[in-house]
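Colleague: Okay, here's the structure, questions in a sec.
The values are calculated or read from the model by the stated rules, or taken from the named source; none is laboratory data. Given the structure is predicted, the values throughout are model-derived calculations rather than measurements. All Cβ positions, glycine included, derive from the backbone under ideal geometry; neighbour counts span all protein chains shown. When the accessible area is computed, the model is the full protein with side chains, heavy atoms only, and any ligands, DNA or RNA have been set aside. Shrake-Rupley method; radii C 1.70, N 1.55, O 1.52, S 1.80 Å.
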2 protein chains.
Amino acid sequence: MVIKRPNRVTISNVAQAAGVSISTVSNVINGKTAAMSEETLARIQAAMLELNYHPSSVARGLAMQRTATLGLILTEIETPLFLQAVTPIEREARRAGYSLLLMNARNEADEREAVRLLQEKQVDGLMVVSTSDPRQNDHLHKIQAEGIPVALINRADLSAEFDQVNWDNAQGVTLVVEHLVRLGHRRIAILTGPSDRRSTQERLQGYRLGLAQNGIALRETLIHSGDYTAAAEAWRQSTLDLLALPEPPTAIIASDDIVAAVIIRAIQETGRKVPAEIAVVGIDDQPFSQYLGLSTVQLPVAEAGRQAIQLLFQRITSLSANAQHILLPCPLIIRDTCGAKKAG
Amino acid sequence: MVIKRPNRVTISNVAQAAGVSISTVSNVINGKTAAMSEETLARIQAAMLELNYHPSSVARGLAMQRTATLGLILTEIETPLFLQAVTPIEREARRAGYSLLLMNARNEADEREAVRLLQEKQVDGLMVVSTSDPRQNDHLHKIQAEGIPVALINRADLSAEFDQVNWDNAQGVTLVVEHLVRLGHRRIAILTGPSDRRSTQERLQGYRLGLAQNGIALRETLIHSGDYTAAAEAWRQSTLDLLALPEPPTAIIASDDIVAAVIIRAIQETGRKVPAEIAVVGIDDQPFSQYLGLSTVQLPVAEAGRQAIQLLFQRITSLSANAQHILLPCPLIIRDTCGAKKAG
DNA sequence: TTGAAAGCGTTACCAG
DNA sequence: CTGGTAACGCTTTCAA
């Protein structure tokens, strides 16, 4: 189990072994094999195999000033939701011959450091997947100004500087409200996340719009705003409070699927049935949701990742193109807990 | 929104601007600033700032033959469970000054290619987080033999070649059985994954051991083996079948937490109560499980990641050390669905 | 078609 | 303490 650190086999070793020049080997590596005698090609390939040669991306990167590496910064890597973007991004990157340097950015300082590191690593491009916490963007402007294009996912930067893909939180909630109204609900409650989050504001906006479009007056008592990260107990209590209202809601929209699960438990705890007596709709469409039969708003995170990396590729090949903004719709996934299946 | 590709600011530009030699600037970059006049140091730092200089990791990597980059290969990146390893790995890597190159390996061919790419990128070390599908390891042996140490997480390679961290699936299930027996259960069913998976075999082994230790005869009718990836319908049906038995189980162990959620729904569907009439225990401890009050076996994935990267660091600094195998215990997380809280 | 040599941006060694 | 300079492994003109 001793690991030696053998001397690296280099292109010149191969050249020597094959009795050709370095440039010729280089051409083989880069597939410029069109105008080459079959025999030399074979000889070189044999030598590479024989010596177990692996070209060095590092040396190549230095020579070409291009690393074939992309940076991916995630804020809150632990949120399974945002990880959904990683799969398609990794796939597309690899397909296009790029590798992915992954960095987590728990906070602003972290993010700045990540950007600096990625710049030193000379990535060819950078993607940032954000939670909807407000953050500064000056470091992103700077790295882009220095030649490394940046694509944003879910950061909703208002400037036109960056390629970016977002999803339409407001529209998603409006969809839910409309669906619930169509099912006959008039008293629709909503539990939202921290009010300084963009996503919270957008969702409330969508909620209001949905009600307004259906001529339903807004009742402040039906809006509970709280902290996502609060213990489940807070959500449970919010639910019980809502149920104790003189005119309790007949439907509840949760700030995410986990909250929805907690709400459902709390409802069942009081002996009420979901969805027969109260409908519940989540937001997220997490992997477990389909197994719980949870109706929910799907956030197209994977699709956003896919489109973002495409934007980035375009930008890498054409640095001076205009930045594009893509806004993805959020589909409503109808399962059991909204009651549509029975009602239908 | 035009991005220029400016000429790179190099160490020699800085040297020139500061009126010193390249080596001196290099020393500053590398913190070898002890024996240097305050004034030159200040001048150099000013120049770096002024020119907005960023050292090139690529050039440094070439010169030092060390990239400060680690490879991380995930099999099935989409499984939230295994992603739990990424957070601590990324944190520890960054703390130690390393970056992380992430690759997904959907299958063997993919994995081989990933290893090859990482070798070309000249990573200083490599971690592989596996599902428990059986896989070949020859490519891992090879890259390690060429000087890039490899640490395995959940691959349970039997050879002594690799540093590796695993968790004890068998022990986890034995723990569950013992706990259930202590609560008075004698007819304990188990739903397992595909029988060719190592984890399935280990869990069944733990199940048998748990029963044996308590003098309970094994009933084949209480063991349902199936495909994880099957539709929820299959699990639901398995559950209903179990309940329809002349002597139905009073407790069910699920192959993972999502399956447990489905089982619980199926049970409730028949009008039975969990855990009052039937106890259910999952395996995984997924993020949502605590919100469902699901009792479950925790798989210490994050801890495994943490320990694996430490092993890798040790090995990087001392290539010829003996490979270490770490086997982590799986704690039983007692929440609501096993009935312990009421019974207690 | 193939070969020689000049970079690419750093580090590290060896003189002064 | 600082400065020259030879690597590091590859790409890319430019000649032959």
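Colleague: May I ask which of A:LYS32/B:LYS142; A:LYS121/B:LYS32; A:LYS32/B:LYS121; A:LYS142/B:LYS142 have a Cα-Cα span longer than 30 Å here?
Modeller: Numbers: A:LYS32/B:LYS142 28 Å; A:LYS121/B:LYS32 22 Å; A:LYS32/B:LYS121 22 Å; A:LYS142/B:LYS142 42 Å.
Over 30 Å Cα-Cα: A:LYS142/B:LYS142.
Colleague: Any idea of B:THR270's accessible area? Nearest 10 Å², probe 1.4 Å.
Modeller: That residue has around 60 Å² of solvent-accessible surface.
Colleague: OK, next. At a threshold of 8 angstrom on Cα-Cα distance, excluding pairs fewer than six apart, so keeping six or more, what relative contact order does region A:169-299 reach in percent?
Modeller: Numbers: 204 pairs, mean separation 32.3, N = 131.
Value for region A:169-299: 25 percent.
Colleague: May I pose another question? Nearest 20 debye, what's the magnitude of the dipole of the protein assembly as shown about its Cα centre given +1 on Lys and Arg Cβ and -1 on Asp and Glu Cβ?
Modeller: Numbers: 68 positive and 72 negative charges, 61 e Å.
Computed charge dipole of the protein assembly as shown: roughly 300 debye.
Colleague: What ³J(HN,Hα) values, in whole Hz, does the Karplus curve 6.51 cos²θ - 1.76 cosθ + 1.60 give for region A:284-296 when θ = phi - 60°, with x put for Gly and Pro?
Modeller: 2, 6, 6, x, 6, 4, 5, 7, 8, x, 7, 6, 7
Colleague: Ignoring trypsin sites (Lys or Arg not before Pro) that are buried or in helix or strand per DSSP, and keeping those with at most 12 other beta carbon atoms within 10 Å, what is the longest stretch of chain B between them?
Modeller: Formally, the longest exposed-site-free interval is B:33-272.
Colleague: Kindly identify region B:28-155 as rounded, prolate or oblate by the Cα gyration tensor criterion: order the square roots of the eigenvalues as a ≥ b ≥ c, call it rounded if a/c is under 1.5, otherwise compare a/b with b/c, prolate if a/b is larger, else oblate. Kindly include the intermediate steps, with their values, before the conclusion.
Modeller: Values: a/c = 3.16, a/b = 2.37, b/c = 1.33.
Cα axes put region B:28-155 in the prolate bin.
Colleague: So for chain B, averaging the separation of alpha carbon pairs under 8 Å that are six or more residues apart and normalising by length, what relative contact order in percent results?
Modeller: On the way: 575 pairs, mean separation 57.2, N = 344.
Once normalised by length, the contact order is 17 percent.
Colleague: So with the 1.4 Å probe, I'd like the accessible area per residue for region B:52-141, rounded to whole Å².
Modeller: Working: 2940 Å² over 90 residues.
Ligands and nucleic acids excluded, the result is 33 Å² per residue.
Colleague: Put one equal scatterer on each alpha carbon of the protein assembly as shown, apply the Debye formula with no solvent term, and list log10 I(q)/I(0) at q = 0.06, 0.08, 0.11 1/Å to two decimals.
Modeller: At q = 0.06, 0.08, 0.11 Å⁻¹ the computed log10 ratios are -0.42, -0.73, -1.20.
Colleague: Add -39500 (n - 2.57) for each DSSP H run of 4 or more in chain A, then divide by its residues: what number comes out at 222 nm, to the nearest 500 deg cm²/dmol?
Modeller: Values: 15 runs with 153 residues, N = 344.
One gets -13000 deg cm²/dmol as the mean residue ellipticity at 222 nm.
Colleague: To two decimal places, what compactness ratio does region B:245-344 give when its Cα radius of gyration is scaled by 2.2 N^0.38 Å? It would help to have the intermediate numbers written out before the result.
Modeller: Numbers: Rg = 18.7 Å, N = 100, 2.2 N^0.38 = 12.7 Å.
Ratio of Rg to 2.2 N^0.38 Å for region B:245-344: 1.48.
Colleague: Here is a follow-up. Every other copy gets compared here: list the nm distances from the A:GLY271 label point (7 Å along Cα to Cβ) to its counterparts, shortest first, one decimal.
Modeller: A:GLY271 label point versus its equivalents elsewhere: 1.8 nm.
Colleague: OK, next. Any idea of the total accessible area buried by the B-A contact, 1.4 Å probe, rounded to 100 Å²?
Modeller: Values: alone 17460 and 17450 Å², together 28670 Å².
Summing both sides, the interface buries roughly 6200 Å².
Colleague: On to the next question. Diagonalise the Cα gyration tensor of chain A and give the resulting equivalent ellipsoid semi-axes, square root of 5 times each eigenvalue, largest first, whole Å.
Modeller: On the way: eigenvalues 565, 84, 63 Å².
Equivalent ellipsoid of chain A: 53, 21, 18 Å, largest first.
Colleague: Next question. Could you tell me whether region A:177-248 comes out rounded, prolate or oblate from its Cα gyration tensor? Rule is a ≥ b ≥ c as square roots of the eigenvalues, rounded for a/c under 1.5, then prolate if a/b exceeds b/c, otherwise oblate. Present the calculation step by step, with values, prior to reporting the outcome.
Modeller: Working: a/c = 2.32, a/b = 1.27, b/c = 1.83.
Because a/c hits 1.5 or more and a/b fails to exceed b/c, region A:177-248 counts as oblate.
Colleague: Along Cα→Cβ at 7 Å, what distances in nm separate the A:ASP133 label point from those on the other copies, shortest first?
Modeller: The projected label point of A:ASP133 is separated from its counterparts by 3.6 nm.
Colleague: Got a number for the accessible area of B:TRP235? Probe 1.4 Å, square angstrom, nearest 10.
Modeller: Rounded to the nearest 10, that gives 20 Å².
Colleague: Report the charge-dipole magnitude of region B:152-255 in Debye, nearest 20, computed about the Cα centre from +1 at each Lys and Arg Cβ and -1 at each Asp and Glu Cβ.
Modeller: Values: 10 positive and 12 negative charges, 82 e Å.
The dipole of region B:152-255 has a size of about 400 debye.
Colleague: Can you tell me what share of the DSSP beta bridges in the protein assembly as shown is antiparallel? A percent to the nearest 5 is fine.
Modeller: On the way: 7 of 77 bridges.
Expressed as a percentage, antiparallel bridges in the protein assembly as shown total about 10.
Colleague: Considering the dipole of region A:207-249 built from charges on the beta carbon (Lys and Arg +1, Asp and Glu -1) around the Cα centre, which of A:PRO249, A:LEU218, A:GLN237 is farthest to its positive end?
Modeller: Of the candidates, A:LEU218 comes out farthest on the positive side.
Colleague: Taking a point 7 Å out from Cα toward Cβ as the label site, list the nm distances between B:GLU108 and the same residue in every other copy, smallest first.
Modeller: Distances between equivalent label points, in nm: 5.2.
Colleague: Here's another thing I want to ask about it. According to the Kirkwood expression over distinct Cα-Cα pairs, how big is the hydrodynamic radius of region B:109-190, in Å?
Modeller: Details: mean 1/r = 0.0665 Å⁻¹.
This gives a value of 15.0 Å.
Colleague: Something else now. Quick check: at a probe of 1.4 Å, how many percent of the accessible area of region A:11-63 sits on carbon and sulfur atoms? Numbers along the way, then the final one.
Modeller: On the way: 1640 of 3010 Å².
On region A:11-63, the fraction of accessible area on carbon and sulfur atoms equals 55 percent.
Colleague: At 1.4 Å probe size, with every protein chain present, just tell me what the per residue accessible area of region B:169-299 comes to in Å². Display every interim value, and only then the final one.
Modeller: Values: 5160 Å² over 131 residues.
Ligands and nucleic acids excluded, the result is 39 Å² per residue.
Colleague: Ordering B:ASP196, B:ASP336 by accessible area with a probe of 1.4 Å, largest first, what comes out? List each step's numbers first, then the result.
Modeller: Values: B:ASP196 100, B:ASP336 50 Å².
Putting B:ASP196, B:ASP336 in descending order of accessible area: B:ASP196, B:ASP336.
Colleague: Quick one: which residues, 5 or more positions from B:THR192 or on another chain, have an amide H under 5 Å from its amide H? H modelled 1.01 Å from N in the peptide plane, none for Pro or chain starts.
Modeller: B:HIS224, B:SER225, B:GLY226
Colleague: Also, I was wondering about something else. Over region B:237-324, what relative contact order in percent results from Cα pairs under 8 Å that are six or more residues apart? Please list the in-between numbers first.
Modeller: Working: 84 pairs, mean separation 19.7, N = 88.
It rounds to 22 percent for region B:237-324.
Colleague: Please state the charge dipole magnitude for chain A, taken about the Cα centre, from unit charges on C-beta atoms (+1 on K and R, -1 on D and E), reported in debye and rounded to the nearest 20.
Modeller: Details: 34 positive and 36 negative charges, 133 e Å.
The calculated dipole for chain A is roughly 640 debye.
Colleague: How large is the convex hull of the C-alpha atoms of region A:64-131 per residue, in Å³? Walk me through the numbers on the way to the answer.
Modeller: Values: hull volume 4.3 nm³, N = 68.
About 63 Å³ per residue, rounded to a whole number.
Colleague: While we're looking at this one, here's another question. Three principal axis extents, largest first, for the C-alpha atoms of region B:287-344, in Å?
Modeller: 54, 20, 10
Colleague: Moving on. If you plug each phi of region A:239-246 into the Karplus form 6.51 cos²θ - 1.76 cosθ + 1.60 with θ = phi - 60°, what whole-Hz ³J(HN,Hα) values come out, in order, with x for Gly and Pro?
Modeller: 4, 4, 4, 4, 5, 7, 4, x
Colleague: Sticking with the crude label model, points 7 Å out along Cα→Cβ, report the distance from B:ASP227 to B:HIS141 in nm, one decimal please.
Modeller: 3.2
Colleague: Ignoring ligands and nucleic acids, what accessible area does A:PHE313 show with a 1.4 Å probe (Å², nearest 10)?
Modeller: Here the accessible area works out near 30 Å².
Colleague: Kindly sort A:ASP168, A:ASP124 by accessible area of their heavy atoms, largest first, with the probe set to 1.4 Å.
Modeller: On the way: A:ASP168 45, A:ASP124 15 Å².
Ranked from most to least accessible, the order is A:ASP168, A:ASP124.
Colleague: For region A:11-63, take the alpha-carbon Rg, divide it by the Kirkwood Rh, and send me Rg/Rh. Display every interim value, and only then the final one.
Modeller: Working: Rg = 10.5 Å, Rh = 11.1 Å.
Radius of gyration relative to Kirkwood radius: 0.95.
Colleague: Could you work out the mean projected area of the convex hull around the alpha carbons of region B:169-299, in square nanometres to one decimal? Before the final figure, lay out each step's value.
Modeller: Values: hull surface 28.7 nm².
The orientation-averaged projected area of the Cα hull of region B:169-299 comes to 7.2 nm².
Colleague: Also, I was wondering about something else. Distance from the Cα centre of region B:178-247 to that of region B:291-344, in angstrom?
Modeller: If we compute the Cα centre of each part, the gap is 23 Å.
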